[in-house]
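The values are calculated or read from the model by the stated rules, or taken from the named source; none is laboratory data. Since the model is a prediction, treat every value here as computed from it, not as a measurement. Ideal geometry is used to build each Cβ from the backbone, glycine not excepted, and the neighbour counts take in all protein chains shown.
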Amino acid sequence: MKIGIVCPYFINRHGGVLEVILALKKGLKDRGHEVKIITPKPKGVDMSSDDDIIFLGTSMDFHSLAATTTQVSSSDDTDKIDAVLEAENFDILHFHEPWSPLLSRQLLQRSQSVNIATFHSKVPEAFMTRTVIKAVTPYLKSVMSYLHELTAVSPSGADYASTLTDQPITIIPNGIDLEKYKPRSIKPKAADDGKTLLYIGRLEGRKGVKYLLRAFKLYAEKHPKDKLIIVGDGPDREKLELMSEDLELSHVSFLGFVSEERKLELLSEADLFVSPALFGESFGIVLLEAMAMNLVAVAGANSGYIDLMQGTGAVSIVNPEDSEEFARRLDLLTYEESIRKLWQTWAKDYVQQFDYPKIIAEYEAFYAKALKKHHGEIKRPAA
C-alpha cells in the first residue's frame, strides 16, 4: 500500500501525536509499504533532505481559552495540494487530529484516496467552551463527511466524535517502543539521599502542575529530603517557578527541555512519576513510558488516564485539586513497598499490549480492510 500520514503539527514539535506518527511511518515502511508524512513546514528548519516528508503550507500556535496551546495549519496553494495528491496517488490518507484547522480539510476536499481518521484528543483542544463548540460544529461535521473510516486512541478519544456521526469508531491505542523504554540498572542511592519525584510534560494550565506544587508542599513536610524534578517548558513555566519560590520549595528543580537520553536517565533514576493533568488527555503515553521502565506513577483523574489505568493501575488515579489527598497518594506510592511491588507486577504485564509492533499490525490490518471496502467506490460528499 501507498500511505500518506497527515500530521497537522510541525514535524519538529514534541508530543505524543508526533511520536505515534513517526513510529507508524517507520513500522509500516519496515513491513514493505510506501509511507510519506504530509505536514506544514516549520519556519527556519531545513528538512528538505527527507524524501518521506511532504511539506504543505505552514502553521501557527493558537492559545485557547482552555489553558492549552495547539496549532492551526493551512495552505493557500490549492494547486500544490492537487499536484501532490495527483503525483503521489495514495491508496490511504490517514489524518491524525483531522479537526485541527485547516490543512486536513483542504486535503480531504481534494482526496481521491481512502480517508481514515484518528482522534487523539478527548475534544478538540482549541474548542473547549460550549459556545465555541456550537459555533464550530458545522466545520467539524463537514470534516467528518469526507472520512471513510474512523479510529480513536481510547474511548475518551472517541467520545466527542461519536456525537457527530453514526459511523463506528474503532479503538486502536497509542503505542510505545518497549526496546527503548525498559528498566535500566542504576547506582543504588545512599540511605539519606531522599526520594525523587518526576514530572515530564508541557507547562500549561491543563497539565495541573500548580496542583502538584501545592501537594508537594504538604508531602515535603513529612519527607523534607525528597525532591521534585519538573521537565518540560511552556507558557506557565515562569509562573510555576515563582509559585515554587512563594511556597518555599527548596527541593524543586525546573530543567526545561532535555535530550531523549537524559529523559531516559531521569525515568530510570526517579522513584515516582507524576502526571496530574486535569483534562484534555485521551490516553497517556507518558504513563506507558513510566510503567515500561518499572517506575510507579500517580495520574490525574481525567477520563483518558482513567481509561488507560485499568485494574491495579487505578490506584494511581487521584484528583490533583485535592491537595491533601494528592499528597497522601504521593506518599503511599513512594513509600509503601507492598503496593509499589503489586503495581510494578501489574504494569510489567499490562504494558506489553501497547508495544509498537502490535499497534502497527492493527493499523496495517485496518488499512487493508478499509481499502478493500472503499477502493473503487469512493464518493465525494458535496463541498
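Looking at the stretch 153-171, can you tell me whether even one residue there is among the β-branched types (Val, Ile, Thr), surrounded by 13 or more Cβ atoms within 10 Å (Cβ to Cβ), closer than 28 Å to Leu371 by Cβ and under 17 Å from the mean Cα position of the chain (by Cα)?
At the first step, the residues of the stretch 153-171 found to be among the β-branched types (Val, Ile, Thr) are 153, 163, 165, 169-171.
Within this subset, residues satisfying the condition of being surrounded by 13 or more Cβ atoms within 10 Å (Cβ to Cβ) are 153, 165, 169-171.
Adding the requirement that they be closer than 28 Å to Leu371 by Cβ leaves 153, 165, 169-171.
Imposing the further condition that a residue be under 17 Å from the mean Cα position of the chain (by Cα) reduces the set to 153, 171.
Taking every residue of the stretch 153-171 in turn, at least one turns out to be among the β-branched types (Val, Ile, Thr), surrounded by 13 or more Cβ atoms within 10 Å (Cβ to Cβ), closer than 28 Å to Leu371 by Cβ and under 17 Å from the mean Cα position of the chain (by Cα).
Every listed requirement among (1) out of contact with any Lys or Arg (no Cβ under 8 Å at 6 or more places or on another chain); (2) not in a loop (DSSP other than H, G, I, E, B) is met by Leu178 save one, (2). As a summary of the residue check, Asn294 satisfies the conditions (1) under 26 Å from Val153 (Cα atoms); (2) among the polar types (S, T, N, Q); (3) part of a helix (DSSP H, G or I) except for the one numbered (3). Residue pairs whose Cβ atoms lie under 8 Å apart, sitting 6 or more positions apart in sequence or on different chains, and linking a residue in the stretch 172-187 that is hydroxyl-bearing (Ser, Thr, Tyr) to a partner that is surrounded by 12 or more Cβ atoms within 10 Å (Cβ to Cβ) and part of a loop (DSSP other than H, G, I, E, B), are Tyr181/Met293.
Got a sec? Which of Val153, Val209 is in the same structural domain as Phe273 (by TED's automatic domain parsing) and β-branched (Val, Ile, Thr)? Give the steps one after another, and end with the answer.
Details: Val153 fails: in the same structural domain as Phe273 (by TED's automatic domain parsing).
After ruling out the rest, the residue left standing is Val209.
Residue count for the stretch 355-383, restricted to those that are more than 29 Å from Ala292 (Cβ to Cβ), modelled with pLDDT of 95 or more and among the basic types (Lys, Arg): 1.
Within the stretch 7-36, can you find the residues that are of a type in the set (Val, Ile, Thr) and at pLDDT 95 or above? Please lay out each step first, then the result.
We begin by selecting, within the stretch 7-36, every residue of a type in the set (Val, Ile, Thr); these are 11, 17, 20-21, 35.
Val35 - this is the single residue of the stretch 7-36 that is of a type in the set (Val, Ile, Thr) and at pLDDT 95 or above.
The requirement of being over 17 Å from the mean Cα position of the chain (by Cα) and surrounded by 16 or more Cβ atoms within 10 Å (Cβ to Cβ) is fulfilled somewhere in the stretch 278-294, by at least one residue.
Across the stretch 330-379, the number of residues qualifying as touching a strand residue (DSSP E or B) at 6+ places or on another chain (Cβ under 8 Å) and among the aliphatic types (A, V, I, L, M) comes to 6.
In the set (1) within 30 Å of Pro138 (Cβ to Cβ); (2) modelled with pLDDT of 95 or more, Gln344 fails one condition alone, (1).
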